[in-house]
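See structure below.
What follows draws every value from the coordinates through simple rules; no lab data is involved. Here the structure is a predicted model, which is why all the values come from computation and not from measurement. Note: ideal-geometry Cβ built from the backbone for every residue, glycine included; neighbour counts use all protein chains shown.
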Amino acid sequence: MWVTQAVENPSCAEIQSVLTAAGMNVYVEDKMHPKEWNRDVQFRGRVRVQLKQEDGVFCQDKFSSRKDLMFYVAEMIPKLKTRTQKSGGADSSSQQGEGGKKSKKKKK
């Protein structure tokens, strides 16, 4: 059921931009799992979100749990401009450099 709503490779920057646009208090920490193979800054970080105020009242009524927050993020990330513009132009460059190789034979 939840696999259909999943987003492929969400970055911390995408999650931050979606939640900031929704009016949430968001903080990205510079954290990374030790076994993470990709050490690029784009894929690094932990997103901290304030769901409740100090008195226990939710910051926004539409996010009453972490589950609601995750479903919202999964719904909104595919609608970002960076996700919609990436899908074009990759097919033409994949066929370059395939032909014309000759095998070398040994001379006796």
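Estimated at 0.36 nm per residue, the fully extended path between LYS31 and THR84 surpasses their Cα-Cα distance by 16.3 nm.
Under the combined filter of DSSP loop state and at most 16 neighbouring Cβ atoms within 10 Å, region 1-79 retains these GluC sites (Glu not before Pro): GLU8, GLU36, GLU54.
Around VAL73, with a cut-off of 15 angstrom between Cβ atoms, what is the net charge of the other residues, counting Lys and Arg +1 and Asp and Glu -1? Neighbour charge sum, excluding VAL73 itself: +3. Size descriptors for region 3-84: radius of gyration and Dmax over Cα atoms are 13.6, 41 Å. Positive-end ranking of SER64, TYR27, LEU51 along the dipole of region 15-65, with charges on Cβ about the Cα centre, is headed by TYR27. For the pair region 9-47 / region 65-84, the C-alpha centres are spaced 13 Å from each other. Near the amide H of VAL28, within less than 5 Å, lie the amide hydrogens of ARG48, all on another chain or at least 5 residues away, with H placed in the peptide plane.
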